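Undergrad: Can you keep this structure in mind? I'll have questions shortly.
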Amino acid sequence: MSTHVSPAAVALKRIEQSRLFQSAVIFIIVLSALAIGAKTYDLPPLVESSLSFLDSAITFFFLAEILLRFIASEDKKRFFKDGWNLFDTVVVIGSLIPLEHADAVLIGRLLRVFRVLRLVSVVPELRSLINALLKAIPRMGYIALLMFIIFYIYGAVGALFFAGINETLWGDVSIAMLTLFRVATFEDWTDVMYETMAVYPMSWVFYLSFIFLTAFVFLNMMVGAILDVMTAEQNASSQEQAHQERHDMAEQLIRMQSQLDEMHRMMTDRAGPPESRDDHR
């Protein structure tokens with residue numbers, strides 16, 4: 001059963017998917033980000049009032065853009081089931097709330113800052129990257145849990161052996177884990193190592209083995225998990241695009257067949273039935 005789509009909705013859909021409209025939306029988002037950054041400086045009153053007017057104009061532009069996308073959507077119920085559409089709607093509606101109290105002003109400013117994130121929802125490539133990152137979070141969670149176990153083991157060992165050398169860095173397990181995080185990020189980690197090597201000359205094994213596990217093994221596991229999900233997302237997107245192209249081609253063939261049938265019917269009607277042609281002769 002085919003759903004009837006009005007010509008106005010088709011025209012709005014064409015506008016919404018046009019490159020010019022998408023470029024205009026990206027430009028307004030970037031302009032909004034620049035306006036938000038400009039408000040953090042001490043500006044003359046005239047510039048501040050101009051920025052306030054610009055902010056209101058940008059907010060109403062985003063509202064019109066959301067309404068256009070909603071009207072152009074073929075399935076209105078599924079429009080808000082898309083997380084990106086829901087995020088855009090919440091940010092735009094939140095920007096329209098009158099700001100009277102101090103807390104409301106803070107929330108309104110935060111929502112205006114979040115408008116920059118709409119760039120992610122507008123650009124398909126960024127949207128696919130974020131979707132892949134979100135889908136990779138469960139795998140990354142298990143890797144992070146394994147990293148926490150390694151941090152805890154090494155932190156306990158470091159607190160037992162090195163607490164007497166430097167109480168500030170190795171006083172207990174929690175402080176030792178913070179020190180190990182400093183080592184894992186290569187922030188002056190050699191100073192920490194040489195300090196313990198003055199008492200335990202073989203303590204370099206402790207640091208190098210920890211760095212090998214965290215900075216090389218687990219980091220590559222994180223990257224591999226994200227790349228695996230991104231590859232699966234790209235394959236799924238390619239299959240969906242191919243399916244859509246086949247569907248569009250099938251619809252085009254159906255339209256061509258219907259046009260040919262209509263032309264054949266018109267030619268038959270114009271020629272008349274065979275009896276009338278014989279009588280005419």
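The values are calculated or read from the model by the stated rules, or taken from the named source; none is laboratory data. The model shown is predicted, which means the values in this text are computed figures rather than measured ones. FYI the Cβ positions are ideal-geometry reconstructions off the backbone, even for glycines, and counts take in every protein chain you see. With ligands, DNA and RNA removed, areas are computed over all heavy atoms of the protein, side chains included. Shrake-Rupley method; radii C 1.70, N 1.55, O 1.52, S 1.80 Å.
Undergrad: Mind ranking 33-45, 164-176 by how tightly packed they are, going by the mean number of other C-beta atoms within 10 angstrom, highest first?
TA: Going by the mean number of other Cβ atoms within 10 Å, highest first, we get 164-176, 33-45.
Undergrad: So, in Å, what gap is there between the alpha-carbon centers of the stretch 36-97 and the stretch 167-212?
TA: Cα centres, the stretch 36-97 to the stretch 167-212: 49 Å.
Undergrad: Out of the total accessible area of the chain (probe 1.4 Å, heavy atoms of protein only), what percent is carbon and sulfur?
TA: For the chain, the apolar C and S fraction of the accessible surface comes to 67 percent.
Undergrad: Before I look further, what does the stretch 123-281 give for accessible area per residue, probe 1.4 Å, in whole square angstrom?
TA: 71 Å²
Undergrad: Which value results when the Cα radius of gyration for the chain is divided by 2.2 N^0.38 Å?
TA: In units of the 2.2 N^0.38 Å rule of thumb, it is 1.68.
Undergrad: If you roll a 1.4 Å probe over the heavy atoms of the protein chains, what accessible area per residue do you get for the stretch 12-61, in Å²?
TA: It amounts to 68 Å² per residue over the stretch 12-61.
Undergrad: With contacts defined as alpha carbon pairs under 8 Å and 6 or more residues apart, what's the relative contact order of the chain in percent?
TA: 14 percent
Undergrad: If you don't mind, there's one more thing I want to ask. Which one, F162, W84, A225, is farthest towards the positive end of the dipole of the chain when Lys and Arg carry +1 and Asp and Glu -1 on their Cβ?
TA: The Cα lying farthest towards the positive end belongs to W84.
Undergrad: From the helices alone, meaning DSSP H stretches of at least four residues, give me the mean residue ellipticity at 222 nm for the chain, per-run term -39500 (n - 2.57), in deg cm²/dmol to the nearest 500.
TA: -27000 deg cm²/dmol
Undergrad: May I ask you to evaluate 6.51 cos²θ - 1.76 cosθ + 1.60, the Karplus curve with θ = phi - 60°, for each residue of the stretch 51-67 and list the ³J(HN,Hα) values in order in whole Hz, giving x for glycine and proline?
TA: 5, 5, 5, 5, 5, 5, 5, 5, 4, 5, 5, 5, 5, 5, 5, 5, 4
Undergrad: In the neighborhood of E262, defined by Cβ-to-Cβ distances under 14 Å, what is the net charge if each Lys or Arg adds +1 and each Asp or Glu adds -1?
TA: Spelling it out: positives minus negatives among the neighbours equals +1.
Undergrad: Next question. Output wanted: per-residue J couplings in Hz (rounded whole) for the stretch 113-129, from phi through Karplus 6.51 cos²θ - 1.76 cosθ + 1.60, θ = phi - 60°, x for Gly and Pro.
TA: Working through the residues one at a time gives 5, 5, 4, 4, 5, 5, 4, 5, 6, 8, 7, x, 5, 5, 5, 5, 5 Hz.
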